[in-house]
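For reference, the structure discussed in these notes is given below.
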């Protein structure tokens with residue numbers, strides 16, 4: 001059954017990502033569609049790293065005297081990311097103005113009534129977006145990427161950013177780097193490096209020296225950052241990374257549900273690609 005375009009548009013606007021072109025254009029594309037034949041395959045693109053799916057998180061914790069970490073708040077709303085075996089990239093976009101999507105004080109925020117999914121396929125130069133959830137629109141929009149956009153997507157999702165060893169704010173802190181070796185994090189083998197910054201008592205009014213760490217765990221196999229710990233090991237820290245990692249992602253994650261109506265439309269992908277800056281924990 002075809003959903004009227006006005007209803008699709010209304011549901012998309014109520015979705016979690018009000019600023020995302022995909023969620024706004026799902027309804028518009030019904031009226032202004034274009035033939036699928038104009039979205040030709042323009043050649044393969046190699047994406048490094050094995051397939052996976054995971055949930056990206058970032059939260060603030062406080063160290064307790066007994067060594068346990070006390071949750072303070074989520075820094076971001078947890079969202080899904082994934083890479084298919086053929087190199088397609090999936091990112092979930094949540095947020096918006098719905099109260100259900102702004103409970104960052106909860107360790108496990110309740111699900112949003114709607115969220116957006118964007119899948120980038122550098123091989124075919126196509127990007128597909130759709131919404132899911134209780135009030136998600138039952139339609140998907142496909143558009144074509146430029147060569148430079150495909151290259152940007154590959155760079156943002158397959159090139160692990162370098163680890164920073166510079167003192168924050170250019171301060172004259174003492175810096176030491178320690179190789180932490182390998183360990184399993186959520187079923188993934190990762191290699192860790194910890195950089196420690198020691199600020200003297202003369203820095204910024206400190207009464208005694210302070211320590212700050214920046215610890216990064218990377219999986220070369222998946223070409224992803226699995227975990228980052230940053231902050232004061234005796235105070236507050238930000239812990240971010242990937243959890244619920246699967247090395248055998250469901251192929252259904254990388255295309256719209258079978259009953260979704262597919263529409264083709266040219267539009268600006270810039271803001272959607274910009275969201276991939278959050279692909280790696282920082």
Checklist (1) surrounded by 19 or more Cβ atoms within 10 Å (Cβ to Cβ); (2) out of contact with any helix residue (DSSP H, G or I) (no Cβ under 8 Å at 6 or more places or on another chain); (3) at pLDDT 85 or above applied to residue 269, failing item: (2)
Matching residues, region 154-174, being surrounded by fewer than 12 Cβ atoms within 10 Å (Cβ to Cβ) and either modelled with pLDDT of 80 or more or closer than 25 Å to residue 278 by Cα (or both): 155, 162, 169, 170
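Conditions (1) crowded, with 19+ Cβ neighbours inside 10 Å; (2) within 16 Å of residue 76 (Cβ to Cβ), marked per residue:
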site: 220; (1), (2): no, no
site: 225; (1), (2): yes, yes
site: 243; (1), (2): no, yes
site: 276; (1), (2): no, yes
Residue 65 crowded, with 16+ Cβ neighbours inside 10 Å and not in a strand (DSSP E or B): no
Extreme residue, farthest from residue 91 (Cα to Cα), among residues of region 245-256 that are touching a residue at least 12 places away in the same chain (Cβ under 8 Å) and surrounded by fewer than 13 Cβ atoms within 10 Å (Cβ to Cβ): 248
Residue 232 at negative phi, out of contact with any helix residue (DSSP H, G or I) (no Cβ under 8 Å at 6 or more places or on another chain) and surrounded by fewer than 13 Cβ atoms within 10 Å (Cβ to Cβ): no
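The values are calculated or read from the model by the stated rules, or taken from the named source; none is laboratory data. Worth saying up front: this structure is predicted, and the values here are computed from it rather than measured. Positions of Cβ are generated from backbone atoms using ideal geometry, with glycine treated the same way; all protein chains shown enter the neighbour counts.
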